[in-house]
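Asker: Here it is, the structure in full.
The values are calculated or read from the model by the stated rules, or taken from the named source; none is laboratory data. Remember, it's a predicted structure, so these values are computed and weren't measured experimentally. Note that we place each Cβ from the backbone using ideal geometry, even for glycine, and neighbour counts take in every protein chain shown. Calculation scope for accessible area: heavy atoms of the full protein, side chains included, ligands and nucleic acids excluded. Shrake-Rupley method; radii C 1.70, N 1.55, O 1.52, S 1.80 Å.
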Amino acid sequence: MKEYFEGIGKVEYEGPETDNPFAFRHYDPAEKVGRRTMEQHLRFSVVYWHTMKGGGIDPFGPSPVYDRPWETSRDPMEAAEDTMRAAFEFFTKLGVPFWAFHDRDISPEGDSLKETNERLDRMVKLAASLQRETGVKLLWGTSNCFSNARFTHGAGTNPDPHVFAWAGAQIKKCMECTQALGGANYVFWGGREGYSNLLNTDLKQEQEQMARLLRMAADYKKEIGFRGTLLVEPKPKEPTKHQYDYDAATVLGFLRAHDLLDDFKLNLEANHATLAGHTFEHDLTVAAAEGRLGSIDANRGDLLLGWDTDQFPTDLYGTTYAMMVILRQGGLRTGGVNFDAKVRRGSFDVEDLFHAHIGGMDAFARGLKTAARILEDGVVGDFVKGRYAGWRRGIGRKILRGEATLADMEAYVHEHGEAARVSGREEWLENVINSYL
Ligand code: XLS
Ligand code: NI
Ligand code: NI
């Protein structure tokens, strides 16, 4: 069988002192952190679209600039098969347990839905056999309902029900494929589910359509007995000016308003949170507070560029804060740490794909270990607990139980006078975090 990543062997853990750029310094899959191994905690996943199909394009360079040895065949199906073999070689050499795909990444569209679906079946068959051979599993599948010209005005939120039908047909098929591959989740990212101009938009109507599509998907999941988790991935903008799935709080409210909250969790992406004007840990905390944090798309943005740059995560504060939220909620369950990230346009060698993923995996391994120590030592947790102690007794407990009125508040203040002022100790807490890093 053809080798696509020649000269690069299996990436192993060699410890922080190694000078081998193709080794892990911190990610040791078998090392235990608490009761689970790092591999079980982190559940790393490589995305097919950026890693195998990305060409380094940007708004001023719409043609691919990467030479990929798996994309040489002129026959589109042959190229798709070569790409998939290369993908599993990459997953195996990197040692990730999971991968993720859009239907259109793994298989090119045909001239009709029938031909498109037949092609997809052929590629799913190949993926199934490569999964068996390598032991790599599917974290999630998703439908690309945004690249084709028919989705210019949205998919589920399109003004034309004919286009909605295309989206529905595509999601049905892709959920079947995800089930056939044993996928642990199925993701909905609303690529163009938003608007670019309110003058031509019925916002209320479009949101109702979106809810219908998600309801149909949840019903179909039950009908076919798909056991994976359904995940919605928020993003505030890009490509539209305003996406309806703005951020975690907006999606949770939307799901609740349309009686969908029991059927969906969230897949949160770092760079989407920052685009929404939040930190990643903010969005994670909002979702976790409602038990709806399902999985993460691990990347980071650039503070000086205002778009979804999808860079690989290397910032240790970011990975530590993210892992603190994840550990506190008891892990990601069916979810994982999915590298929805791409190498820069100038990093066009195939070996750059290894450097990028190795760096991201090491950054999350350090984040995991640091977060575990912070939680175990309990300094930060105890501080927060102490800060709210008043709510576990006396008047505080009465208020939370709904046993107190505004008149009781008035009487309380008459009796106790001024409240004591207590420092929030932010700087000290930040120093505490730095002492672990
Ligand atoms: C784009 C999204 C996309 C989803 C999958 O910004 O992050 O890659 O994760 O459709
Ligand atoms: Ni994403
Ligand atoms: Ni993104």
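Asker: Determine the sum of side-chain charges near I8: Lys and Arg each +1, Asp and Glu each -1, restricted to other residues whose C-beta is under 10 angstrom from that of I8.
Answerer: That works out to -2.
Asker: Something else about it: Helix 113-134: angle to the longest alpha-carbon principal axis of the chain, degrees 0 to 90, nearest 10?
Answerer: 80
Asker: If you take every residue apart from Y317 with its C-beta less than 11 Å away from the C-beta of Y317, what net charge results, scoring Lys and Arg +1 and Asp and Glu -1?
Answerer: For residues surrounding Y317, the net value is -1.
Asker: Most mobile of K173, K398, K265 per a Gaussian network model of the chain (Cα springs, under 10 Å)?
Answerer: Among K173, K398, K265, the largest mean-square fluctuation in the Gaussian network model of the chain belongs to K398.
Asker: Of the residues E426, E133, E415, which exhibits the maximal mean-square fluctuation in a Gaussian network model of the chain defined by a 10 Å Cα contact cut-off?
Answerer: Per the Cα network of the chain with a 10 Å cutoff, E415 tops the list.
Asker: Want the number for E410 to A30: 0.36 nm per residue separation, take away the alpha-carbon distance, what's left?
Answerer: Length gained between E410 and A30: 130.9 nm.
Asker: Compare the peptides 336-343, 75-82, 134-141 by average per-residue count of other Cβ atoms within 10 angstrom and give them in order, highest first.
Answerer: 336-343, 134-141, 75-82
Asker: Taking the Cβ-Cβ separation of E71 and D382 as r and a Förster radius of 56 Å, what is the calculated FRET efficiency to the nearest 0.05?
Answerer: E between E71 and D382, to the nearest 0.05, is 0.55.
Asker: Ok, one more. How big is the accessible area of I395 in square angstrom, nearest 10, if you roll a 1.4 angstrom probe over the protein chains?
Answerer: Its heavy atoms expose roughly 50 Å² to the probe.
Asker: Same structure again: Using 0.36 nm times the number of residues separating T314 and A420, minus their current alpha carbon distance, what extension gain do you get?
Answerer: 34.0 nm
Asker: If one takes the longest principal axis of the Cα atoms in the chain, at what angle in degrees, from 0 to 90 and to the nearest 10, does the Cα axis of helix 76-94 lie?
Answerer: Tilt relative to the chain: about 50 degrees.
Asker: Same structure again: Taking only protein heavy atoms into account and a 1.4 Å probe, give the accessible area per residue of the chain in Å².
Answerer: Per-residue value: 49 Å².
Asker: Something else about it: Measure nothing but the geometry: give the 0 to 90° angle between the long axis through the Cα atoms of 248-257 and the longest principal axis through the Cα atoms of the chain, rounded to 10°.
Answerer: 90
Asker: Count charges around V379 for me, please; just the other residues with Cβ under 15 Å from its Cβ, Lys/Arg as +1, Asp/Glu as -1.
Answerer: Counting the neighbours of V379, the net charge comes to -1.
Asker: Let me ask another. Kindly report, to the nearest 10 Å², the accessible surface of E290 as traced by a 1.4 Å probe over protein heavy atoms only.
Answerer: Spelled out: E290, probe radius 1.4 Å, area about 80 Å².
Asker: Probe radius 1.4 Å, ligands and nucleic acids ignored: give me the carbon and sulfur share of the accessible area of the range 328-437 as a rounded percent.
Answerer: Of all accessible area on the range 328-437, carbon and sulfur atoms account for 51 percent.
Asker: Compute the separation of the alpha-carbon centres of the range 83-133 and the range 4-38 and state it in Å as a whole number.
Answerer: Between the Cα centres of the range 83-133 and the range 4-38 lies a distance of 26 Å.
Asker: Still on this structure: Could you sort 17-27, 275-285 so that the peptide with the highest average Cβ count within 10 Å comes first and the rest follow in order?
Answerer: Peptide ranking by packing, descending: 275-285, 17-27.
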